[in-house]
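A short worksheet on the structure shown next.
Only the coordinates and a few stated rules stand behind these numbers; no lab work does. Keep in mind that this is a model prediction, so the values were computed, not measured. Note: ideal-geometry Cβ built from the backbone for every residue, glycine included; neighbour counts use all protein chains shown.
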Protein chains: 2
Amino acid sequence: MKTRDKIILASLELFNERGERNVTTNHIAAHLAISPGNLYYHFRNKSDIIYEIFLEYEKLVNYYLQIPDDRPLTLEDMMFYLESVFDGLWSYRFFHRDLEFLLDSDERLREDYRKFTSRCLDAIGQIFNGLADGGVIEAQPPELRSAMSLNVWLVVTNWMAFLKTAHGSDLSDQPSIHKLKQGIYQVLTLELPYLMPEYRETVLALRDKYRPELPETRSSRLLTSE
Amino acid sequence: MKTRDKIILASLELFNERGERNVTTNHIAAHLAISPGNLYYHFRNKSDIIYEIFLEYEKLVNYYLQIPDDRPLTLEDMMFYLESVFDGLWSYRFFHRDLEFLLDSDERLREDYRKFTSRCLDAIGQIFNGLADGGVIEAQPPELRSAMSLNVWLVVTNWMAFLKTAHGSDLSDQPSIHKLKQGIYQVLTLELPYLMPEYRETVLALRDKYRPELPETRSSRLLTSE
DNA sequence: TCAAACCTAGAGTATATACTCTAATCACAA
DNA sequence: TTGTGATTAGAGTATATACTCTAGGTTTGA
């Protein structure tokens, strides 16, 4: 693999593990056993590495969020989108963590991320429309649809952060891809009231598969009371 | 005012304005025109200042989230809680920004924040129960109630972050207490489907007051499409 | 085969940051 | 007045961090 790609990969890995704030360019170089000079030959600065990672994240999400507009959407479609989105969220989980700082220090990223958000909100809306066409959920006035989409976006993009802050310091209940997907449970909760009656049971059953397991972990205790 | 209190106040102000990551202890001292030595006479380290601020934040929220359990809740109660919570969120808006890093570097804060979250989720649940008792919203099975409360929490605590990332670099659409309160619109959106029919119109009207104004600002454009 | 382009090492630097240390000053009670 | 404890100034330090510079090695293609 090319050094440039190795740098991107190693950075993503370290960022995800330790948080962008705790990973320096020297760490990245050391991790790859290359010199700092070498790293800076390939990237002008740390922001450039992050920007490059963002572009890949964007590409991935754009790929999964191509919504067909020539046919209505099914429940399977919806679950596919949810699974894909949370997979992406896991792979690039560092990103939404220090987001505000990243955007503050890179104008280009700020602008691109704004557009990215906008496209995602749009895609969520389209999915809802497709599901309404497919008779899975009720039709809604566009204003409600937009507000709903935004709520879905908020829940999806911040579920990881919630997990991180909700668990204790012991490693036993550290976030994992499995726990992350409990976010799907939360998103389905948002959709419940708008389901057409004939889909209600099916979705409730689906949703139950993502329910946080009760055997008294800290994060599940949070969901009930302490 | 005592120097110690001045330090807390100035820190909060600077953190809110520039983000905790961009504010050093030297900045704080300089801002107050005191020496670093003086600052460190009053606080062992930066984390201690942050922890102290957290305690005040916690106190404020606890104060507003005392839910009466001897009477049902009204719509006015609910709006009071929402307004109060968003006011608090605004006053301590730096806090949820670099949250994960803060918790990583202070075990005590991590533990306290976990309990804080837990109490807040509980309070949200109690509010819903109270509103159900008051005939404002439908009764719900506890499992749905918990999931709903968690969604409200996610929307509330991350609305500020969304605003920050959604606006452009020009100052015109910078977050403000006014924009922050559009978060109330989002929360009310979550509640809409569970309202008792006789409250529906009233809440829709209330909600409309918090609706993002349309005159083509960037953030409102985000809410529709781009 | 040879030069140009590409890649890499590694020492080094300017700046920032959290924090320390000592000596001085202040407030105030005896 | 004087002594004592609380407060403050300000120079200073160890470490970290992003990034630079030079010199040398490696590939590639003509």
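Put simply, the convex hull of the Cα atoms in the protein assembly as shown casts, on average, a shadow of 24.0 nm².
The Cα atoms of chain A cover 62, 45, 31 Å along the three principal axes, with the biggest extent listed first. Between the helical axis of A:3-18 and the dominant principal axis of chain A, each derived from Cα atoms, what acute angle in degrees is found, rounded to the nearest 10? The angle comes out at about 60 degrees. Percent of Cα pairs in segment B:1-43 per distance bin of 5 Å, from zero to the largest separation: 5, 25, 38, 22, 9, 0.
Greater than 19 Å separation of Cα atoms is the criterion. Which listed pairs, A:Lys6/A:Lys115; A:Lys181/A:Lys209; B:Lys179/B:Lys209; A:Lys46/B:Lys46, meet it? Don't skip to the end; give the middle numbers.
Working: A:Lys6/A:Lys115 28 Å; A:Lys181/A:Lys209 10 Å; B:Lys179/B:Lys209 12 Å; A:Lys46/B:Lys46 25 Å.
Checking Cα-Cα distances, A:Lys6/A:Lys115; A:Lys46/B:Lys46 exceed 19 Å.
Distances between placed amide hydrogens fall under 5 Å for A:Ile137 paired with A:Ala132, A:Met196, all partners being 5 or more residues away or on another chain. Relative to the first principal axis of the alpha-carbon coordinates of chain B, what is the inclination of helix B:46-64, with its axis defined by its Cα atoms, in degrees from 0 to 90 and to the nearest 10? Value to nearest ten degrees: 30. Once you sort the root eigenvalues of the Cα gyration tensor of segment B:1-124 as a ≥ b ≥ c, which label holds: rounded (a/c under 1.5), prolate (a/b larger than b/c) or oblate (the other case)? Prolate, since a/c reaches 1.5 and a/b exceeds b/c. Relative to the longest principal axis of the Cα atoms of chain B, helix B:75-91 runs at roughly 20 degrees.
Over the residues of chain A, the helix contribution to mean residue ellipticity at 222 nm works out to -22500 deg cm²/dmol, using -39500 (n - 2.57) for each DSSP H run of at least 4. 3J(HN,Hα) along segment B:186-194, derived from phi through the Karplus expression 6.51 cos²θ - 1.76 cosθ + 1.60 where θ = phi - 60°, amounts to 5, 5, 4, 4, 4, 7, 2, x, 9 Hz, with x in place of Gly and Pro. FRET efficiency for the pair B:Met79 and B:Asn45, taken as 1/(1 + (r/R0)^6) with r the Cβ-Cβ distance and R0 = 41 Å, rounds to 0.50. Placing a label point 7 Å from the Cα of A:Ala139 along the Cα-to-Cβ direction, the distances to the matching points in the other copies come to 3.6 nm, shortest first. Placing a label point 7 Å from the Cα of A:Gly37 along the Cα-to-Cβ direction, the distances to the matching points in the other copies come to 4.3 nm, shortest first. Across segment B:134-144, computed HN-Hα scalar couplings (Karplus, 6.51 cos²θ - 1.76 cosθ + 1.60, θ = phi - 60°) run x, x, 7, 10, 5, 6, 9, x, x, 5, 5 Hz from first to last residue, x flagging Gly and Pro.
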